[in-house]
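Each remark here refers to the structure printed beneath this line.
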Amino acid sequence: MTVIGMLHHRGDPKTVIKSYAYAAVAKAEGAKFYYFSPGKVNFTNRTIKGQVYEDGKWIERIMPFPDVIYNAGSPEKLAKSKQIIQKLKENIPFTTQSIGNKWNVQERLKEAKAFANYLIPSEIIKSAESFFKFTAAFEKVVFKPIDGRKGKGILFITKKTNGFHVQTDSNSKFYTTQQLNNLIKEKVKTNTYILQPYISSVTKSGQVFDFRLHVQKNGEGKWVITTIYPRIAPMGSIIANINNGGYTNYLDPFLEQEFNEEAYNIRRTLEHFSLSLAQHLDELQMALYDEVIDEIGIDVGLDKNQKIWIYEVNWRPGCPPAFYLELDVVMNTIRYAMYLAKNQNAIKAQIRQLKRKKDEEKMKIPIIAITGSAGKTTSKAFLASILSKKWNVFESKDYWNTTEHTKKHADEIKSSSYEAVVLEYGMAYPGVITEHCRIIKPNISIVTNIGLAHVGNFNSDIRGVAHAKSELIHGMDQHGILVVNKDDANSRYLETQRFKGKILTVGIKSAANYRAYDVNYAKEGMRFKIKLKGQVLQLFIPILGEHHVYNALNAIAVADHLGFSPMDIKAGLLFKKPPRRLTIYNCKNNITVIDDTVHSHPQGVRAAIDVLSNIGKRRNIAIIGQMRELGDLREAEYRKVGDYVTSKKIDYLITYGFRTEEIGNQAKAKGFPPQNVYHFTDKDKLHDLLLKIVRQDDTILVKGASKTNMFETVKFLDQTYG
C-alpha cells in the first residue's frame, strides 16, 4: 500500500479545507494518507508525527516516512523550514514542484522555440525612462507587479495625443506625461514591475475574457486535461479574474456563441495547446532541476485573429469553481502521487535521456556573423535585442570584431549554454574574414553593404572590398542563410554564385524579401512599415537615419526566419543603441548636438548629413572630420561629399583634418556661401570658432572616425552648452 504524506505549513489540518477531500479520495484509491507540517519530522528514527483522518475526525499518530509527499503548503511560509524540506526531498519524491514567478516562467518559455511565439513580449521596468521607451512602440500597455496575484495592482495604460489614459480594474484617470512619469517612478521604487503590450481578448458584446486551462498528470504519469473554461469580466472591467468580479461559463456554449462554426476547431486547439505546453514545461523542469511537475494552470487570451497569447502560467492553480471538478483535481493528484512513488527509477531514466537530447540540440544553435562596410554594430545590436526576447544570446561587445576577439568569443561560447550567437566580423585586408570563419563557422550571415571603408587597402577598387567581404559567404555553412542589401549597388559584386543556401534580401527602394516603406523621421528615431507574415506592421527604431532602417531590416530578416513573432520583433527593435552613433544631446538654449564619432566613410557622412538636414530646427552646422583609407579615391570622394552638403539644408560647413578642405572647396564651387565654410587642423581654433557662431536653436553634427578624436568636439559642446 502506498503511503502519501500531505505537507503543509499549517499545523492543524482542520484549517485546510482541501485536506478532507484528499484524505477521502486516498482511502478510496487504496492508499494510506496522513497530514503533517515540517516541525513534526524526526530524521533520527525516520518518523513523522502526522494526522490521520478516521471516523470523521483527525487523530495524531506517529507515522513512518511516506513513499511520496504531496507538497501542498505555501512556498513563502515553508521557506523557513527550507533545510527540513530539502532533506526530505533527498529521501522521498515530491509532487507539485515550483516553476517560479511570472518572470521566471516567461524566461523559461523563451527557451521553447515551439511556444515562444505565444508569449507577450515583456520587459522588467526599472525606470520611468525604460517605461516611456516601450510606449514609443506600443500605444496600449499592461503594467503589473512581477509577483501579483488575482489581478491586483495591474495598470492598463493607453497613449493619447496629450497624455495617457490609465485604468485599474474599473477606475480610470487621465495623466499628463509628467504625472505618469512620477507615478511610475514611485511604483518601481517599492516593487518590481513587468510591462507588456495589451492584447485585446473580447467577446462580441465587448466584454474582456480569457481561458483557464487546467492540466494534470494522471495515474499513468501522463498529462490530461482536467478542465478548460472561459472567465468573463463584468461589463466595463478589464480583468476577467474571478476574484475581481469575473464569472465563468461552460466551454462549449461559450465557444458556439462567440465563434460559431469555428467553435470545434478552437476547442481542439486549446486542448492540444494545453497538453503540449504542459509537456514542454515538464521537460524544462527535468532538464534544469532533475524534477518533474504534475499540475499547472495556464491563462490565455484569444485576439481578433484567434491567436493564442499566454498571460500567466501557475504551478499551483487552485481548484476550478465547481465541486465535481474539485474531486477530479484531487483524484488526479492522488493517483499521480501513487504512480510517482512506484516509478522513481523509470522517471530518473527519462530525465537522463532528456538531458542527453538537450545536449545534442545545443550543438545546432544559430551562429550569426555580420560583416559589411557600415552598419555591422547596429545590425548586431538590433538582432541580439530581438533574439534575447526568447533566447539566451551571446552578443559580441561593440567593435570587438578582430580575429583575436573571435578567438576569445570561441572560448566563451564553448563554456556556456547559449541558444544563439551574434558576432561582428571586421576586416581591413584580404584573408581576415576567412580566418574569422575558420575560428567560428557561421550558419547565418549578413553582409550589410559594400562601401569605401578600407578601399585604399584594395588598390582603390570597390570590387576588391566585395571580394574580401565574400570570404564570409565562402567560409560559412554552404546550406545556411545569407542576408544581403538589394538597394546597395556594390553588393552585386558579392560572390554568391556557388552558395547553395537561401539568400534573403532587404531593401527600401527595391523589391526585396523584407522591404520597408513609408519611412519617416520621428522624435529621436525612425518609423516605417513592413509586411510580415501577411500583416502590415508599423515599426519604430530609437535611432535616427534611413540607413539604420536597413540595419533593422537585416535583423528582421534573420529573426523572422528563426520563427520570431512580429510582436517579438517590434519589442526587440527598442534596442540599446551603440554609443556615439547619431546620439542626440539636447543642450541649453534649445541647441542640439548630434554625436556620430565612431567611424567615418563617405556613405556614413552622407547618412549623417541626411539626419542633420531632417531634424534641424533652425540653422544646421556640419562638422566633418577626415576619412581614412580611401586611397586614390580620397579626392573624388571628398568632392562628392562637398556636392552632397550643397544639396542639403546645411548653413555652416566646418572640416577638420588632413586634406578635408577639399570638401569645402567643392561645396563653394557648387554655390555654398564661402563665408560659411571653414577648415581647421587645430581643434582649439575650431572650438574658438564655435563659441563665436553657435546660437540658440542651432543643430550641430559632429562626424568623424574614432582615430581623429572628434569626440573631443562633442565634449567641448556639451561642457559649453550642456
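The values are calculated or read from the model by the stated rules, or taken from the named source; none is laboratory data. Predicted, not measured: the structure shown is a model, and the values here were computed from it. Neighbour counts are summed over all protein chains in view; Cβ atoms, including those assigned to glycine, are modelled from backbone coordinates with ideal geometry.
Counting only strands (runs of 3 or more DSSP E) wholly contained in the range 172-289, the ones carrying 3 or more residues that are of a type outside the set (D, E, K, R), in the same structural domain as R335 (by TED's automatic domain parsing) and over 25 Å from the mean Cα position of the chain (by Cα) occupy 209-217, 223-232.
Checked against the criteria, N392 counts as touching a Ser or Thr at 6+ places or on another chain (Cβ under 8 Å), in contact (Cβ under 8 Å) with a residue 40 or more places away in the chain and among the polar types (S, T, N, Q).
Among residues of the range 30-47 that are farther than 14 Å from K87 by Cβ, those with a Cβ under 6 angstrom from a residue that is in a loop (DSSP other than H, G, I, E, B) and among the hydroxyl-bearing types (S, T, Y), sequence gap 6+ or separate chain, pair up as A31/T2. Applying the set (1) at pLDDT below 85; (2) farther than 30 Å from E524 by Cα to G73 leaves exactly one unmet item: (1). Scanning the range 668-711 for residues that are part of a helix (DSSP H, G or I), without any contact (Cβ under 8 Å) to a residue 60 or more places away in the chain and more than 21 Å from N590 (Cα to Cα) yields a total of 8.
Note down all Cβ pairs under 7 Å where the first residue falls in the range 369-380 and is modelled with pLDDT of 95 or more, the second is of a type in the set (D, E) and surrounded by fewer than 24 Cβ atoms within 10 Å (Cβ to Cβ), and they're at least six residues apart or on different chains. These pairs meet every condition: K380/E395. Can G50 be described as modelled with pLDDT of 95 or more, small (G, A, S) and within 20 Å of K82 (Cβ to Cβ)? For G50, the condition - modelled with pLDDT of 95 or more, small (G, A, S) and within 20 Å of K82 (Cβ to Cβ) - is not met.
In the range 458-467 there is at least one residue that is within 24 Å of D632 (Cα to Cα) and of a type in the set (D, E, K, R). So Q83 fits all but one of (1) more than 30 Å from E524 (Cβ to Cβ); (2) modelled with pLDDT under 85; (3) not hydrophobic (A, V, I, L, M, F, W, C); what number is the exception? The number of the failed condition is (2).
When N443, N485, N457 are screened for being surrounded by fewer than 23 Cβ atoms within 10 Å (Cβ to Cβ) and more than 22 Å from I365 (Cα to Cα), only N457 passes.
Candidates in the range 316-336 are the residues that are modelled with pLDDT of 85 or more and among the hydrophobic types (A, V, I, L, M, F, W, C); of these, the one that is surrounded by the most Cβ atoms within 10 Å (Cβ to Cβ) is I334.
Taking the range 365-393, which residues are among the aliphatic types (A, V, I, L, M) and under 22 Å from G604 (Cβ atoms)? Across the range 365-393, the qualifying residues are A369, I370, A374, A381, L383, A384. A residue that is within 24 Å of P542 (Cα to Cα), charged (D, E, K, R) and modelled with pLDDT of 95 or more occurs somewhere in the range 464-487.
Residue-wise test of (1) farther than 27 Å from P317 by Cβ; (2) surrounded by fewer than 19 Cβ atoms within 10 Å (Cβ to Cβ); (3) among the polar types (S, T, N, Q); (4) modelled with pLDDT of 85 or more.
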residue: E107; (1), (2), (3), (4): no, yes, no, no
residue: F115; (1), (2), (3), (4): no, no, no, no
residue: I125; (1), (2), (3), (4): no, no, no, yes
residue: K140; (1), (2), (3), (4): yes, yes, no, yes
residue: G148; (1), (2), (3), (4): no, yes, no, no
residue: G153; (1), (2), (3), (4): no, yes, no, no
residue: I157; (1), (2), (3), (4): yes, no, no, yes
residue: T168; (1), (2), (3), (4): no, yes, yes, no
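Each residue in the range 271-287 was checked for being surrounded by fewer than 19 Cβ atoms within 10 Å (Cβ to Cβ) and either farther than 19 Å from Q97 by Cβ or without any contact (Cβ under 8 Å) to a residue 40 or more places away in the chain (or both), and 3 pass. Kindly check whether there is at least one residue in the range 263-282 that is under 24 Å from I124 (Cβ atoms) and in contact with a Ser or Thr (Cβ under 7 Å, 6 or more places away or on another chain). No, because not a single residue in the range 263-282 is under 24 Å from I124 (Cβ atoms) and in contact with a Ser or Thr (Cβ under 7 Å, 6 or more places away or on another chain).
Taking the criterion of being touching a strand residue (DSSP E or B) at 6+ places or on another chain (Cβ under 7 Å), of a type in the set (K, R) and closer than 15 Å to S130 by Cα, the only residue of the range 160-194 that qualifies is K187. In the range 381-405, of all residues being under 12 Å from E419 (Cβ atoms) and of a type in the set (S, T, N, Q), the one that is modelled with the highest pLDDT corresponds to S388. Scanning the range 410-426 turns up one or more residues that are surrounded by fewer than 23 Cβ atoms within 10 Å (Cβ to Cβ), over 23 Å from G563 (Cα atoms) and touching a helix residue (DSSP H, G or I) at 6+ places or on another chain (Cβ under 9 Å). Taking the range 10-49 as the range and being over 16 Å from K89 (Cα atoms), under 43 Å from the mean Cα position of the chain (by Cα) and not in a helix (DSSP H, G or I) as the test, the residues that pass are R10, V16, I17. Has the range 526-538 got any residue that is touching a residue at least 40 places away in the same chain (Cβ under 8 Å) and either buried (at least 16 other Cβ atoms within 10 Å of the Cβ) or farther than 28 Å from P366 by Cβ (or both)? Among the residues of the range 526-538, not one is touching a residue at least 40 places away in the same chain (Cβ under 8 Å) and either buried (at least 16 other Cβ atoms within 10 Å of the Cβ) or farther than 28 Å from P366 by Cβ (or both), which makes the answer no.
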